[in-house]
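> Dropping the structure in here first, questions after.
The values are calculated or read from the model by the stated rules, or taken from the named source; none is laboratory data. Just so we're clear, the structure is a prediction, and the values are computed from it rather than from any experiment. Neighbour counts run over all protein chains shown; Cβ positions are idealised from the backbone, glycine included. Just the protein is used for accessible areas: all its heavy atoms, side chains included, with ligands, DNA and RNA removed. Shrake-Rupley method; radii C 1.70, N 1.55, O 1.52, S 1.80 Å.
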Amino acid sequence: LSKNKEIIVLTGVRRCGKSVLLHYILQKNKEENYYLNFDDDRLATFVLADFQLLQETFIELFGPQKTYYFDEIQNIEGWERFVRRLYNSGNKIYITGSNATLFSEELGTRLTGRHIELTIFPFSFYEFVNYQIPNFSIKKQFSTMEIGQLKSIFNQYIELGGFPEYVKYQQVDYLQSLYESIIYKDIVARYKISNPKLIRELVFYLASNCSKETTYNALRKLLGLGSATTVSNYCQYLSNSFLCFFVNRYDRSVKSQIQSPKKVYFIDHVLAKIVGFRFSDDKGRILENIVFIELRRRGFEVFYHKVKKECDFVIRQNQQVISVIQVCYSFEGEKTKQREIDGLLEALEHHQLMEGFILTAYDEEEIVMGKHKIIILPVWKWLLSLLKVGTG
């Protein structure tokens, strides 16, 4: 990253590890002194004009350097002008931010073609395993003892989620504090929301119905608002803050996608459990949320399929559908298994694919049905898989 001249932008939800990665990069570089965290309360009155004084202070304290590190820089209105000036003067810049509009607005308008974006997520299951078993390496085959150990660690992952500090200390207050910071710093303050109670009610409902379909009009009625556009804006704010994501039904028509009901997923299933109500009672929905976040982490576009039957995930890469995935906790009986298979087969036919996946907590087998192959895998094994397009 240090060898190219582009601005390096690390973005993602608060406390997912951006600052840790930034400090790691800083420590690896020869020039490491020009650093400032704009999330510090003491900088609450910092404005665009203060950047000049900041630069003078850096030079006074540390001498001339060409590398700058700015944490949560989106807190300062107009920051992109200063960063562009630094860039045009031949400096190397690393920045972090907790809002997706960092790219579509500020970076998109003033720094187009001058930056490389890296989205950081909370711990993946692979990273969670490495936290428990340092230097863990993925293999095609695991021993009986390793399988038992990995199943146990996956059960811990379901209970603890992926936020590093929560995994380490397991304090519920930490996640509640994180949620408050996202709501008030990244949404209410940034977008000047006059009634924070509506945002909190919206998040509570979405967290309680994670991985289910909803519509802006249904949410409008729930919140007692007069306009579905307001709800759409609120949902966009939540998405921009990386708190939750809204998934469209797959359709060749972009208009139909936009108008379709949305399925909602949260950045972390344990955070959703803390924020919502009874989400933890439905293990299938937890697994589905874990799979969705992993697909996003791997850089795929994600949709859901619904014609006569349903399939949880349609995965697209480079404008082409490459895989479909169904998720359920277990096959409680033949009727459940047949429903999951039927939904997957319809999606395979619809998208002209030969092979699809059903991910469960424990099941593993392969089924050939006519020209189609259905691969049934435990979610933990799929999360560690490097074998298939659409899975790794």
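> From the list Ile120, Ile183, Ile158, Ile199, exactly one residue is modelled with pLDDT of 95 or more, touching a Cys at 6+ places or on another chain (Cβ under 7 Å) and crowded, with 17+ Cβ neighbours inside 10 Å. Which is it?
Ile120
> If you don't mind, another one. If you check Val9, Val13, Val20, which single one turns out to be assigned to a strand (DSSP E or B) and either closer than 16 Å to Leu118 by Cβ or in contact with a Cys (Cβ under 6 Å, 6 or more places away or on another chain) (or both)?
Only one candidate qualifies: Val9.
> Something else now. Which residue pairs have Cβ atoms closer than 8 Å, lie 6 or more positions apart in sequence or on different chains, and pair a first residue in segment 54-68 that is more than 15 Å from Ser89 (Cβ to Cβ) with a second residue that is assigned to a helix (DSSP H, G or I)?
none
> State whether the residues of segment 291-310 include one that is buried (at least 19 other Cβ atoms within 10 Å of the Cβ), in contact with a Leu (Cβ under 8 Å, 6 or more places away or on another chain), among the charged types (D, E, K, R) and closer than 16 Å to Ser385 by Cβ.
So far as segment 291-310 goes, yes, one or more of its residues are buried (at least 19 other Cβ atoms within 10 Å of the Cβ), in contact with a Leu (Cβ under 8 Å, 6 or more places away or on another chain), among the charged types (D, E, K, R) and closer than 16 Å to Ser385 by Cβ.
> Another one. Restricting attention to segment 51-90, and to residues there that are touching a helix residue (DSSP H, G or I) at 6+ places or on another chain (Cβ under 9 Å) and of a type in the set (S, T, N, Q), which single residue is surrounded by the fewest Cβ atoms within 10 Å (Cβ to Cβ)?
The qualifying residue surrounded by the fewest Cβ atoms within 10 Å (Cβ to Cβ) is Gln52.
> Among residues belonging to segment 125-155 that are surrounded by fewer than 13 Cβ atoms within 10 Å (Cβ to Cβ) and among the hydroxyl-bearing types (Ser, Thr, Tyr), point out the one that is nearest to Phe279 (Cα to Cα).
Ser152
> Just the residues that are under 15 Å from Tyr216 (Cα atoms) and at pLDDT 95 or above, please, taken from segment 245-257.
The answer is Phe245, Phe246, Val247, Asn248, Arg249.
> Here's something else I'd like to know. Select from segment 243-274 the residues that are in contact with a helix residue (DSSP H, G or I) (Cβ under 8 Å, 6 or more places away or on another chain) and open to solvent by 20 Å² or more (accessible area, probe 1.4 Å) and list them in ascending order.
Phe246, Asn248, Arg249, Tyr250, Asp251, Lys273, Ile274
> Would a scan of segment 296-313 turn up a residue that is within 22 Å of Arg252 (Cβ to Cβ), β-branched (Val, Ile, Thr) and touching a residue at least 12 places away in the same chain (Cβ under 8 Å)?
Yes, that holds for at least one residue.
> Moving on. Can you tell me how many residues in segment 23-48 are farther than 23 Å from Lys185 by Cα, in a helix (DSSP H, G or I) and not β-branched (Val, Ile, Thr)?
Result for segment 23-48: 4.
> Residues that are closer than 18 Å to Arg15 by Cβ: find the helices (runs of 4 or more DSSP H) completely inside segment 98-213 holding 3 or more of those.
It comes to 125-132, 164-169, 172-181.
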